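Here is the structure we will look at, set down as structure tokens.
Bear in mind these aren't lab numbers, they're just calculated from the coordinates by the rules spelled out. Just so you know, these numbers come straight off a predicted model, no measurement behind them. Note that each Cβ is placed from the backbone with ideal geometry, even for glycine, and that neighbours are counted across all protein chains shown.
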Amino acid sequence: MDILALLKELFSGVLYLFTLAGLKTLVMLAIGGVLIYLAVKKDYEPALLLPIGFGAILANLPPVMDALGNQAASVLGSEGFLTVLFNAGIKNELFPILIFIAVGAMIDFSPLMKDPSMIFFGAAAQFGIFATFLVSLLLIPVVLPQTAGDSNLIMRLAAAIGIIGAADGPTTLYVANHFKLVEYMAPISVAAYSYMSLVPVIQPPVIRALTTRKERLIRMNYTEQRAPKAALILFPIIVTAISGIIVPMSAPLVGSLMFGNLIRECGVLERLSKTAQNELANLVTILLGLAIGSTMVAENFLRWDTLLIMGLGLFAFIFDTAGGVLFAKFLNLFRKNKINPMVGAAGISAFPMSARVIQKMAKEEDPYNFILMQSISANVSGQLGSIVAGGMVIALVGLLIGWR
Amino acid sequence: MMNWVFALSEAAATTVVETAQANDFAGMAIMTKGLLTTGMGLLGVFLVLGLFFVTIRLMQRIKDKSGQD
């Protein structure tokens, strides 16, 4: 081997940057950097955005070439560790399930038990999912002409895009994965998780646009009282049974969420409960973030699909927020004890961030207004509602297109 | 008795599957499928969460032993 060939092999990564693929790599490295910046500097869901950003950087590094000029195993490829992670945790839907066990162990259903009427906000705030689903059916064939005529793909893609609005990353991944949308996984998961982290940015303007100051000042009564232990233990079991019977497709997600909650509430598994809330949640979050980042390969990400999916995802998120607020305003027409309509916006699934944002907004208007518990109730209901909506979408779309 | 119950449930399950297969949605317009999914989906979410609501209302009747002491 002459010296020139040796240098070429040594600096193949540098030479790669001067190709078209190399330029795309630079763009993806910049996108990964932006995600890390948002995580570190802006504190936007850093536990997720940082691993996703770093995973994106890893996935877009120049390919490693062997002495014969063939692509060798790198972080990607059939034996790359990111591919192994993706196959082990996302392709088989394991990570979303494990995350839900951890989330279930963090949820306290006591406030909801106290005021169960809040549960309907968890249903109303799923409106954006279905509105976006319909809009996506119209837009996908126009913006992505390659899908025109393939109604099966359009329906599957629209379903996965709509679910972004639930602000529920694991359910979004679950639906996208169920419909085998592997090549759209990157923009779908990035949209879902980045919008989840942008709750404090996206929700307040939508809420302000739909409510008057007088409405935002509405106070709601709440008496601090923990629900009976027997009720807290029975609730996850009954919810699992009801969901499993009526919407069987939601059983894996509802089941894992409720299993985590049962560990928390049973009172005899404190160590397991703490492990689920801390070690399990942290470990799976790291692996999930890296695995999602690994899907952000330039050729799958720098496409028109990405812009469409990100745009429609934002639309879904805004309409979910609006659905909850408008539903609260509608209920206020008939109620004697008025509901602060901001609480309706917490019916999305971003738990507990959305509830905190609502309480912060209420406090900005009136420092003595405390609606956190009602917002938490709506927020945990949103967690349930988004899973049920995901199950309904999988079941209905699957039935209509004959997807097995 | 148990055999009869099993046979009955198996027959019901088979009927459901056959009915689903016999229904042909292929010829339906995509927007019709979309509207159907939207209507049924929203209805389903409200129904299931409504059942959770009823469950909680029923469980509110459970007395807290520690609270009574």
- request: Taking 7 Å along the Cα-to-C-beta vector as the label spot, tell me the A:Leu61-A:Lys8 distance in nanometres, rounded to one decimal.
  value: 2.4
- prompt: Given a Förster radius of 45 Å and the C-beta distance between B:Leu35 and A:Ser78 as r, what FRET efficiency does 1/(1 + (r/R0)^6) yield to the nearest 0.05?
  reply: 0.60
message: Let's test the formula: R0 of 35 Å, r as the Cβ-Cβ distance of A:Leu269 and B:Leu47. What FRET efficiency results, to the nearest 0.05?
response: 0.60
message: Let me check I've understood the local charge: for A:Ile401, count other residues with C-beta under 9 angstrom from its C-beta, Lys and Arg +1, Asp and Glu -1. What total comes out?
response: +2
task: Sequence neighbours fewer than 8 away in the same chain don't count; with that in mind, list the lysines whose C-alpha is under 23 Å from A:Lys180.
output: A:Lys91, B:Lys33
message: I'd like the GluC sites (Glu not before Pro) in region A:173-274 restricted to DSSP loop residues with at most 15 other Cβ atoms within 10 Å, sorted by number.
response: A:Glu224
- line: At the level of C-alpha centres, the distance separating region A:230-281 and region A:310-383, in angstrom, is 24
- prompt: Where does helix A:251-265 land angle-wise versus the long Cα axis of chain A, in degrees 0 to 90, nearest 10?
  reply: 60
task: May I have the extent of the alpha carbons of region A:165-230 along their three principal axes, as whole Å values ordered from largest to smallest?
output: 48, 42, 16
query: Once the principal axes of the Cα atoms of the protein assembly as shown are found, what is the range along each, listed largest first in whole angstroms?
result: 88, 62, 47
message: Can you compute the modelled spin-label distance between A:Phe18 and A:Gln146, with each label point 7 Å from Cα toward Cβ, in nm?
response: 3.0
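Set the bar at 29 Å for Cα to Cα. Now go through A:Lys42/A:Lys229; A:Lys114/A:Lys214; A:Lys42/A:Lys360 and name every pair that lies beyond it. Don't jump to the answer; show the numbers that get you there.
Values: A:Lys42/A:Lys229 40 Å; A:Lys114/A:Lys214 26 Å; A:Lys42/A:Lys360 18 Å.
Distance filter (> 29 Å) returns A:Lys42/A:Lys229.
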statement: Residue separation between A:Asn87 and A:Phe334 times 0.36 nm, minus their alpha-carbon distance, gives in nm 83.8 nm
field: chain A: calculated mean residue ellipticity at 222 nm from DSSP helix runs of at least 4, using -39500 (n - 2.57)
entry: -22000 deg cm²/dmol
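Just how large is the dipole of region A:6-401 about the Cα centre, in debye to the nearest 20, putting +1 at every Lys and Arg Cβ and -1 at every Asp and Glu Cβ? Spell out each step's value before the answer.
Numbers: 26 positive and 22 negative charges, 250 e Å.
The calculation lands at about 1200 debye.
What is the extension gain from A:Asn282 to A:Trp304, computed as 0.36 nm multiplied by their sequence separation minus the C-alpha to C-alpha distance, in nm to one decimal?
Values: separation 22, 0.36 × 22 = 7.92 nm, distance 3.34 nm.
Result for the pair: 4.6 nm of gain on full extension.
Mind checking region A:347-404 for chymotrypsin sites (Phe, Trp or Tyr not before Pro) that DSSP puts in a loop (not H, G, I, E or B) and that have at most 10 other Cβ atoms within 10 Å? Could you put the intermediate results ahead of the total?
On the way: sites: A:Tyr368, A:Phe370, A:Trp403; in loops: A:Tyr368, A:Phe370, A:Trp403.
Sites meeting the loop and neighbour criteria: A:Tyr368.
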task: In nm, give the distance between the simple-model label positions of A:Val182 and A:Leu399, each being 7 Å from the Cα along the Cα-to-Cβ direction.
output: 3.0
